[in-house]
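Trainee: Quick one: this structure, given as structure tokens, is what I'll be asking you about.
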Amino acid sequence: MTAGRWDEPAHEALRVRAGTRLADLDPGSTPGWDKSRETGEQRLVDQGERLSELQERLFADGRSGGTRSVLLVLQGLDTAGKGGIVRHVIGMVDPQGVALRSFGVPTPEEREHDYLWRIRKALPGPGKIGVFDRSHYEDVLVVRVEELVPRAVWETRYDEINAFEAEVAAAGTTIVKVALVVSQDEQKERLRERLERPEKYWKYNPGDLDVRAKWPAYLEAYQAVLDRTSTDLAPWYLVPADRKWYARLAVTELLREALDGLELGWPAADFDVEAEKRRLDSMP
């Protein structure tokens with residue numbers, strides 16, 4: 001039996017709606033979940049089993065001519081826990097059914113094309129769960145705050161992104177966009193841990209402090225993203241990330257709900273099952 005239940009479905013508790021203000025969110029809260037951490041961690045295990053089954057159904061559907069796929073977009077400031085989500089949530093399903101991409105600074109080849117070119121190339125194929133660790137939203141977040149292109153350029157991208165995502169959804173991809181929200185205090189502690197533990201040095205980037213110094217500007221940029229690109233076809237979900245266990249549970253629930261919504265069964269056999277049983281029984 002699954003441990004605990006949400007007070008309301010995660011997609012309802014966490015969905016960005018008209019008037020949602022990022023500044024009003026408590027990064028240490030647990031929207032939709034009023035039970036203990038222990039109960040939450042047990043539910044994560046239980047839901048992981050369901051997630052794995054649903055992912056296998058999706059993979060089997062893709063192998064049998066189906067066109068459905070799921071895209072999980074993870075955005076958040078550094079230390080918000082994107083890597084942990086990949087390890088602890090996506091790690092619960094068969095890796096052959098996952099297409100993971102992380103988008104950093106564009107390569108010289110990518111710079112020769114428009115900003116969505118590399119995104120289109122990375123979209124999940126039929127039967128796959130695609131995961132974007134950062135995404136096309138960098139082009140209205142980092143690009144905006146760091147003034148890498150003129151305002152006239154990035155300002156048009158919100159509508160372009162909406163049109164792009166509508167196209168992706170129409171082709172059979174369910175889009176789940178998650179903004180992981182960490183507090184300044186928690187981020188500071190996580191950055192400090194990276195500086196105090198030698199095995200964490202590799203995760204530390206001095207540039208993270210430069211980004212931290214522009215915290216208000218990044219919050220403003222994120223708010224614009226939520227206001228202008230949370231649509232019925234590709235809604236945003238705000239996930240408080242100070243409690244790692246909760247963030248992982250929330251994303252698991254969102255992904256499980258998305259897969260459940262596909263209502264996929266197992267593909268029917270394209271061979272004579274009874275005949276194959278007889279063949280097998282006749283063999284030594």
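To keep it simple, each residue is scored yes or no on (1) free of Cβ contacts under 8 Å to residues at least 40 places away in the same chain; (2) closer than 27 Å to residue 145 by Cβ.
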{"residue": "184", "(1), (2)": "yes, yes"}
{"residue": "191", "(1), (2)": "no, yes"}
{"residue": "236", "(1), (2)": "no, yes"}
{"residue": "262", "(1), (2)": "no, no"}
{"residue": "269", "(1), (2)": "yes, no"}
{"residue": "279", "(1), (2)": "yes, no"}
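Trainee: Looking only at the range 66-90, count every residue that is open to solvent by 10 Å² or more (accessible area, probe 1.4 Å) and among the hydrophobic types (A, V, I, L, M, F, W, C) and tell me the total.
Mentor: Result for the range 66-90: 3.
Trainee: Find all pairs meeting these conditions: Cβ atoms under 7 angstrom apart; at least six residues apart or on different chains; first residue within the range 122-139 and charged (D, E, K, R); second residue part of a loop (DSSP other than H, G, I, E, B) and at pLDDT 95 or above.
Mentor: 139/115
Trainee: Hey, can you tell me all the residues within the range 109-138 that are over 17 Å from the mean Cα position of the chain (by Cα) and of a type in the set (D, E, K, R)?
Mentor: Of everything in the range 109-138, those that are over 17 Å from the mean Cα position of the chain (by Cα) and of a type in the set (D, E, K, R) turn out to be 109, 110, 111, 112, 114, 118, 121.
Trainee: OK, next. Inside the range 146-169, can you point out the residues that are among the aliphatic types (A, V, I, L, M) and either in contact (Cβ under 8 Å) with a residue 60 or more places away in the chain or assigned to a loop (DSSP other than H, G, I, E, B) (or both)?
Mentor: Answer for the range 146-169, where residues must be among the aliphatic types (A, V, I, L, M) and either in contact (Cβ under 8 Å) with a residue 60 or more places away in the chain or assigned to a loop (DSSP other than H, G, I, E, B) (or both): 148, 149, 161, 166, 168, 169.
Trainee: Take residue 5 and tell me if it is free of Cβ contacts under 8 Å to residues at least 60 places away in the same chain and exposed (fewer than 13 other Cβ atoms within 10 Å of the Cβ).
Mentor: Criteria met by residue 5.
Trainee: For the subset of the range 21-40 comprising residues that are out of contact with any Gly (no Cβ under 9 Å at 6 or more places or on another chain) and buried (at least 16 other Cβ atoms within 10 Å of the Cβ), which member is nearest to residue 228 (Cα to Cα)?
Mentor: Going through the qualifying residues, I end up with 22.
Trainee: In addition: Quick one: which of 11, 88 is closer than 28 Å to residue 225 by Cβ, modelled with pLDDT under 95 and not hydrophobic (A, V, I, L, M, F, W, C)?
Mentor: Values: 11 fails: modelled with pLDDT under 95.
Every option except 88 fails the conditions.
Trainee: Right, another one. Residue 100 is checked against (1) in a helix (DSSP H, G or I); (2) in contact with a strand residue (DSSP E or B) (Cβ under 8 Å, 6 or more places away or on another chain); (3) open to solvent by 40 Å² or more (accessible area, probe 1.4 Å) and fails just one. What number does that condition carry?
Mentor: For residue 100, the failing item is (1).
Trainee: Return yes or no: is residue 173 within 27 Å of residue 122 (Cβ to Cβ), touching a strand residue (DSSP E or B) at 6+ places or on another chain (Cβ under 6 Å) and among the β-branched types (Val, Ile, Thr)?
Mentor: yes
Trainee: For a quick check of your reading: which helices (runs of 4 or more DSSP H) sit entirely within the range 175-284 and have at least 1 residues that are crowded, with 20+ Cβ neighbours inside 10 Å and not β-branched (Val, Ile, Thr)?
Mentor: 184-196, 215-229, 244-261
Trainee: Of the conditions (1) in contact with a Ser or Thr (Cβ under 8 Å, 6 or more places away or on another chain); (2) of a type in the set (Ser, Thr, Tyr); (3) free of Cβ contacts under 8 Å to residues at least 60 places away in the same chain, residue 173 clears all except one; give me its number.
Mentor: For residue 173, the failing item is (3).
Trainee: Search the range 151-174 for residues being within 24 Å of residue 239 (Cα to Cα) and among the hydroxyl-bearing types (Ser, Thr, Tyr), and hand back the single one that is surrounded by the fewest Cβ atoms within 10 Å (Cβ to Cβ).
Mentor: Residue satisfying both the conditions and the ranking: 158.
Trainee: Among the numbered conditions (1) over 30 Å from residue 63 (Cβ atoms); (2) in a loop (DSSP other than H, G, I, E, B), tell me where residue 127 comes up short.
Mentor: Condition (1) is where residue 127 drops out.
The values are calculated or read from the model by the stated rules, or taken from the named source; none is laboratory data. On a predicted model such as this, the values are computed, not experimentally measured, just so you know. In this analysis, Cβ positions are derived from the backbone assuming ideal geometry, glycine residues included, and neighbour counts consider all displayed protein chains. The protein model used for the area step is the full one, side chains on, heavy atoms only, and it has no ligands, DNA or RNA in it. Shrake-Rupley method; radii C 1.70, N 1.55, O 1.52, S 1.80 Å.
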